[in-house]
1. For the stretch 323-374, give me each residue that is surrounded by 23 or more Cβ atoms within 10 Å (Cβ to Cβ) and either touching a strand residue (DSSP E or B) at 6+ places or on another chain (Cβ under 7 Å) or of a type in the set (D, E, K, R) (or both).
2. Is it the case that Val230 is among the β-branched types (Val, Ile, Thr) and at pLDDT 80 or above?
3. Give the stretch 108-122 a look and list any residue that's surrounded by 15 or more Cβ atoms within 10 Å (Cβ to Cβ) and not aliphatic (A, V, I, L, M), or say none.
4. Count, please, the residues in the stretch 123-168 that happen to be basic (Lys, Arg), crowded, with 16+ Cβ neighbours inside 10 Å and within 34 Å of the chain's Cα centre (by Cα).
5. Of all strands (runs of 3 or more DSSP E) completely enclosed by the stretch 118-207, which ones contain at least 2 residues that are in contact (Cβ under 8 Å) with a residue 40 or more places away in the chain, of a type outside the set (A, V, I, L, M, F, W, C) and farther than 24 Å from Asn224 by Cβ?
6. What are the pairs with Cβ atoms under 9 angstrom where one residue, in the stretch 356-380, is touching a residue at least 24 places away in the same chain (Cβ under 8 Å) and the other, located anywhere, is in a loop (DSSP other than H, G, I, E, B)? Sequence gap at least six, or different chains.
7. Has the stretch 383-396 got any residue that is among the polar types (S, T, N, Q), assigned by TED's automatic domain parsing to the domain that holds Ser21, buried (at least 20 other Cβ atoms within 10 Å of the Cβ) and touching a Ser or Thr at 6+ places or on another chain (Cβ under 6 Å)?
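The values are calculated or read from the model by the stated rules, or taken from the named source; none is laboratory data. All figures in this text were calculated on a predicted structure; none of them were measured in a lab. Cβ sites come from the backbone with ideal geometry, for glycine too, and all protein chains shown count toward neighbours.
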Amino acid sequence: MSLLKTIQAALKALNKNKMRSFLTMLGIIVGVLAVVAMISIGQGAKVSVQERISQLGSNLLFVRPGSAFRHGVHGGWGSRTSLRPEDAEAIVEECPSVEMVSPEVSTRAQVVYKNKNWNPSISGTSADILAIRGWKMEAGSFFRSSDVRGAAKFCILGKTVVENLFEDANPMGEIIRIRQIPFTVLGVLAQRGQSGGWYDQDDVILVPYTTAQKRLLGIQHINNIVISAVSAESMSNAEQEVSELLRRRHNLADYEEDDFNIRNMADVQEAVAETAGTMTMLLAGIASVSLLVGGIGIMNIMLVSVTERIREIGIRMSVGARDRDILMQFLVEAVVLSLTGGLMGIITGIIGSRIISSIAGWPTVVSGASIGLAFVFSAAVGVFFGFYPARKASKLSPIDALRYE
């Protein structure tokens with residue numbers, strides 16, 4: 001018996017029991033839907049996190065002061081005042097793997113414009129921060145290196161600050177007061193949006209770090225140093241060079257711990273990607289249990305079908321059908337059920353991912369790999385769980401089958 005005729009006979013048998021065939025496929029549909037939806041959610045989360053990390057800039061290192069230790073109590077990273085602007089200058093001059101640096105000083109302060117006020121974060125930076133972080137200007141211009149050296153009272157506003165202080169008015173050239181000190185607005189940063197689901201990256205005012213030190217905080221130290229390496233490949237070298245330089249500048253003996261902490265964003269991004277990948281596989285593994293249940297349903301229905309059609313099997317064998325023809329027919333029926341259910345599951349999974357994304361606001365990415373995996377998995381389920389019933393049917397004795405009532 002040809003394969004085409006075998007497939008036709010299998011489809012005819014399935015068509016006789018449409019409702020039972022659909023209910024059998026339902027387990028596969030739900031399983032494939034769950035696999036596609038869960039993988040798309042996991043991939044979407046991974047892409048979203050990587051995009052947020054990339055918004056910080058490329059090839060970045062962050063240097064923070066170390067942990068202060070007083071009276072037996074550790075203050076945590078950043079609690080020391082071990083970093084100075086001179087450290088940043090030395091890094092860019094003496095570390096060949098470093099391209100640019102920006103000292104940073106941060107605080108929060110009440111900001112007033114006419115009869116309106118707001119409390120954003122204030123970040124003192126250098127003129128290179130736009131290039132280092134990859135930020136864009138929406139309007140106006142950024143302050144220059146000469147403004148940093150002169151501790152000029154210039155500022156750059158984030159979009160959230162503009163909306164709360166100026167509403168629809170043009171902020172360019174206006175005077176705002178930060179802790180009662182007048183600052184001239186030079187420009188507005190392009191919108192960057194939320195970070196981490198709650199932190200508003202646009203609720204910020206940038207000023208020269210020297211201005212923040214002298215006029216706003218009255219300090220000599222800096223809170224951290226942002227470093228841009230010359231390339232992604234030189235990140236490790238840059239980290240080592242910066243570490244050795246700072247230890248030497250801070251006169252640390254070999255037995256002394258670092259009084260600073262360096263965070264490599266490439267390592268952070270790699271760790272996040274691995275975590276997201278693990279979560280995606282976990283979600284897919286949980287969803288695949290539904291496929292297992294659907295496969296058991298196929299095997300159950302196929303066993304029932306074999307029992308119901310014993311006499312038909314006997315007749316087919318008596319007119320010349322071979323064992324492999326019977327095996328192939330029932331195996332094809334199981335595979336058709338699983339593949340049809342798989343295709344319907346893929347379609348509903350894609351639709352379900354879009355619905356989840358629109359209702360819950362979660363990013364989803366439906367990849368060709370997830371669709372291919374679900375399709376192959378559904379076919380494998382049909383073959384695996386359909387083989388035993390098909391083999392049982394092929395091993396029936398023609399004489400016993402014809403006698404069966």
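1. Glu333
2. yes
3. Tyr113, Trp118, Pro120, Ser121
4. 2
5. Correct list: 137-140.
6. Ile356/Trp362; Ile356/Thr364; Ser357/Pro363; Ser357/Thr364
7. No: the stretch 383-396 contains no residue that is among the polar types (S, T, N, Q), assigned by TED's automatic domain parsing to the domain that holds Ser21, buried (at least 20 other Cβ atoms within 10 Å of the Cβ) and touching a Ser or Thr at 6+ places or on another chain (Cβ under 6 Å).
This table checks each residue for (1) at pLDDT below 85; (2) under 30 Å from Ala90 (Cα atoms); (3) surrounded by 15 or more Cβ atoms within 10 Å (Cβ to Cβ).
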residue: Ala238; (1), (2), (3): no, yes, yes
residue: Thr275; (1), (2), (3): yes, no, no
residue: Met281; (1), (2), (3): yes, no, no
residue: Ser288; (1), (2), (3): yes, no, yes
